[in-house]
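The values are calculated or read from the model by the stated rules, or taken from the named source; none is laboratory data. As the structure is a computational prediction, the values presented were derived from the model and not from experiment. When we count neighbours, we look across all protein chains shown, and the Cβ atoms used for this are built from the backbone with ideal geometry, even at glycine. Surface accessibility is based on the protein's heavy atoms, side chains included, excluding ligands, DNA and RNA. Shrake-Rupley method; radii C 1.70, N 1.55, O 1.52, S 1.80 Å.
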Amino acid sequence: MQELARTLTYFPAPRTQKFCSQCGSTLTRRIPPDDTRVRDLCDNCGAIHYQNPRMVVGTLPVWQGRVLLCKRAIEPRLGYWTLPAGFMELGETSAAGAQRETLEEAGLQSELGALFSVIDVPQADQVHVFFLIEVTDPSLAPGQETLEAHWVEEADVPWDDLAFRTVSLTLERFFADRRAGQYGVHYLALPPRRG
Ligand SMILES: [Zn+2]
């Protein structure tokens, strides 16, 4: 059943819509009056379906100098290593979302620490946000989105097998800050989409 679900679900990109979610009519794509961008418009009920970037919220858990890495059990980037992170849910704060994802993916219960990185990913219409976590109880219980989870020394980080550029940038900044003896908040932006 899980295999079936995997083949039948995917993450549509670009996120254009065919039908109005308010009335079911066919949408047209054009620039609304007093706007500068193309939107999905419903000529039947007048709804304008704006699309905006999504937030991905996660954590960088640290225990005795080691960082937590999770091997992804789902696409995209199945089999690659990541920090615990996922899409923020409606009605949730970014901090609560990061904590929830950490619990879901690694089974790690912890108090959230400082905001560490905010990374724009215009290629994917996303913003990735990571919080530090100082861990006291390192017990892990990976959820169904994670094949395995480990506490990893800097020297053992599998840089070539990290799932996302935002994860490698966050880890690079973390180890650099640790060497400098001071942790900052890092705003970064990946190169924008071409064309
Ligand atoms: Zn409509």
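Could you check the range 107-137 and list, in sequence order, the residues that are of a type in the set (A, V, I, L, M), modelled with pLDDT under 95 and within 20 Å of P76 (Cα to Cα)?
A124
What residue, of G58, G65, G107, is more than 16 Å from the ligand (Cβ to nearest atom), in contact (Cβ under 8 Å) with a residue 60 or more places away in the chain, on the phi > 0 side of the Ramachandran plot and open to solvent by less than 40 Å² (accessible area, probe 1.4 Å)? Reasoning before the result, please.
Numbers: G58 fails: on the phi > 0 side of the Ramachandran plot; G107 fails: in contact (Cβ under 8 Å) with a residue 60 or more places away in the chain.
The match here is G65.
Scanning the range 113-137 for residues that are among the charged types (D, E, K, R) and under 13 Å from the mean Cα position of the chain (by Cα), which turns out least open to solvent (accessible area, probe 1.4 Å)?
D120
Does L140 satisfy the criteria of being open to solvent by less than 30 Å² (accessible area, probe 1.4 Å) and under 17 Å from L83 (Cα atoms)?
It is false that L140 is open to solvent by less than 30 Å² (accessible area, probe 1.4 Å) and under 17 Å from L83 (Cα atoms).
Just one of the numbered conditions (1) modelled with pLDDT under 95; (2) under 25 Å from E154 (Cα atoms) is not true of E101; which one?
Only one criterion is unmet by E101, namely (1).
Within the range 34-55, count every residue that is more than 10 Å from the ligand (Cβ to nearest atom), among the charged types (D, E, K, R) and open to solvent by 70 Å² or more (accessible area, probe 1.4 Å).
Going through the range 34-55 one residue at a time, the tally reaches 3.
Output the number of the condition that W151 fails; it satisfies all remaining conditions of (1) within 19 Å of M88 (Cα to Cα); (2) open to solvent by 30 Å² or more (accessible area, probe 1.4 Å).
Checking W151 against (1) within 19 Å of M88 (Cα to Cα); (2) open to solvent by 30 Å² or more (accessible area, probe 1.4 Å), the one that fails is (1).
Determine whether the range 15-27 contains at least one residue that is within 21 Å of the chain's Cα centre (by Cα) and either free of Cβ contacts under 8 Å to residues at least 40 places away in the same chain or under 25 Å from D177 (Cα atoms) (or both).
yes
What number of residues within the range 68-103 are free of Cβ contacts under 8 Å to residues at least 60 places away in the same chain, open to solvent by 30 Å² or more (accessible area, probe 1.4 Å) and not acidic (D, E)?
The qualifying residues number 12.
Pull out all pairs, ordered by first then second residue, where Cβ-Cβ is under 6 Å, the residues are six or more apart or on different chains, the first lies in the range 40-52 and is touching a residue at least 12 places away in the same chain (Cβ under 8 Å), and the second is near the ligand (Cβ under 7 Å from one of its atoms).
So the pair list comes out as C42/C20; C42/S25; N44/C23; N44/S25; C45/Q22; C45/C23; A47/C20; A47/Q22.
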